[in-house]
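Okay, so here's the structure we're looking at.
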Amino acid sequence: MTDLNFQYPIFGPEIKCPHCREVIQALTLTDSYLCPRHGAFEADPNTKELVHLQSGRHWRLWKSKWYRQHTHPDGIRFEIHEALDRLYTDGYRATKVIIADRYYSLINSYLEKGNSWQGDQDSKIYRLYGLPVEFSPKSSDEPCWGIINFILEKEKGAPSRYPYFRLFE
């Protein structure tokens, strides 16, 4: 008797499309999923990534949520900007952005840089869209940071001014 799990890609018989979040079916005996709106995705069993075949975008799964793996600074900056906009429309304001350490070299040149108020030259203050930025621990210490891209710390209330308009300075 054949094990039915071997007939499907590594993520199982169905997944949520990373773009529209609709449930999409696997194509049996392949490593592919097909979304009627966004086309084909291929599951790579070696890297555990889902690749959108049309765009070449890579996605990884963490706790039932897909995270795009960025290769260009504008991609991660745009994703952060969208998340800030969603917070604002939900009645929250961001107080800090924690970005995955693996993106430091990709996004470093786009951050506003300053020194801490204590005058310590070694203590750099990074900002993005006017918000303080920290980088995550290494993914070897906290595995989630090998997949997720950033976390926004938030509090209830609208920002006193909407600083996130500075999208691509």
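The values are calculated or read from the model by the stated rules, or taken from the named source; none is laboratory data. Every value quoted in this text rests on a predicted model; they were computed, and no experiment measured them. No Cβ is skipped: glycine too gets one built from the backbone with ideal geometry, and neighbour counts run over all protein chains shown. Ligands, DNA and RNA are stripped out before the accessible areas are found, and what is left, the full protein with its side chains, is counted by its heavy atoms. Shrake-Rupley method; radii C 1.70, N 1.55, O 1.52, S 1.80 Å.
Taking only pairs six or more apart or across chains, which ones have beta-carbon atoms under 7 Å, a first residue in segment 7-19 that is under 17 Å from V51 (Cβ atoms) and open to solvent by less than 20 Å² (accessible area, probe 1.4 Å), and a second residue that is of a type in the set (S, T, N, Q) and assigned to a strand (DSSP E or B)?
Correct list of pairs: P9/S32.
Within segment 75-89, restricting attention to residues that are open to solvent by 60 Å² or more (accessible area, probe 1.4 Å) and under 13 Å from the mean Cα position of the chain (by Cα), which residue is nearest to I107 (Cα to Cα)?
So the residue we want is F78.
Given the options G130, G146, G157, name the one that is open to solvent by less than 40 Å² (accessible area, probe 1.4 Å) and at pLDDT 95 or above. Full working, then the answer.
Details: G130 fails: at pLDDT 95 or above; G157 fails: at pLDDT 95 or above.
Checking each option against the conditions leaves just G146.
Find all pairs meeting these conditions: Cβ atoms under 7 angstrom apart; at least six residues apart or on different chains; first residue within segment 91-117 and on the phi > 0 side of the Ramachandran plot; second residue at pLDDT 90 or above.
G91/K156
Out of curiosity, is E49 surrounded by fewer than 13 Cβ atoms within 10 Å (Cβ to Cβ) and charged (D, E, K, R)? So that I can check it myself, show each step before the final result.
Values: surrounded by fewer than 13 Cβ atoms within 10 Å (Cβ to Cβ): no; charged (D, E, K, R): yes.
Judged against the criteria, E49 is not a match.
If you scan segment 27-46, which residues turn out to be part of a strand (DSSP E or B) and open to solvent by 70 Å² or more (accessible area, probe 1.4 Å)? Steps first, answer last, please.
Taking segment 27-46 first, the residues part of a strand (DSSP E or B) are 27, 32-35, 39-44.
Within segment 27-46, L27, L34, E42 qualify.
Yes or no: D122 out of contact with any Phe, Trp or Tyr (no Cβ under 6 Å at 6 or more places or on another chain), of a type in the set (D, E), modelled with pLDDT under 90 and not in a strand (DSSP E or B)?
Spelling it out, D122 is indeed out of contact with any Phe, Trp or Tyr (no Cβ under 6 Å at 6 or more places or on another chain), of a type in the set (D, E), modelled with pLDDT under 90 and not in a strand (DSSP E or B).
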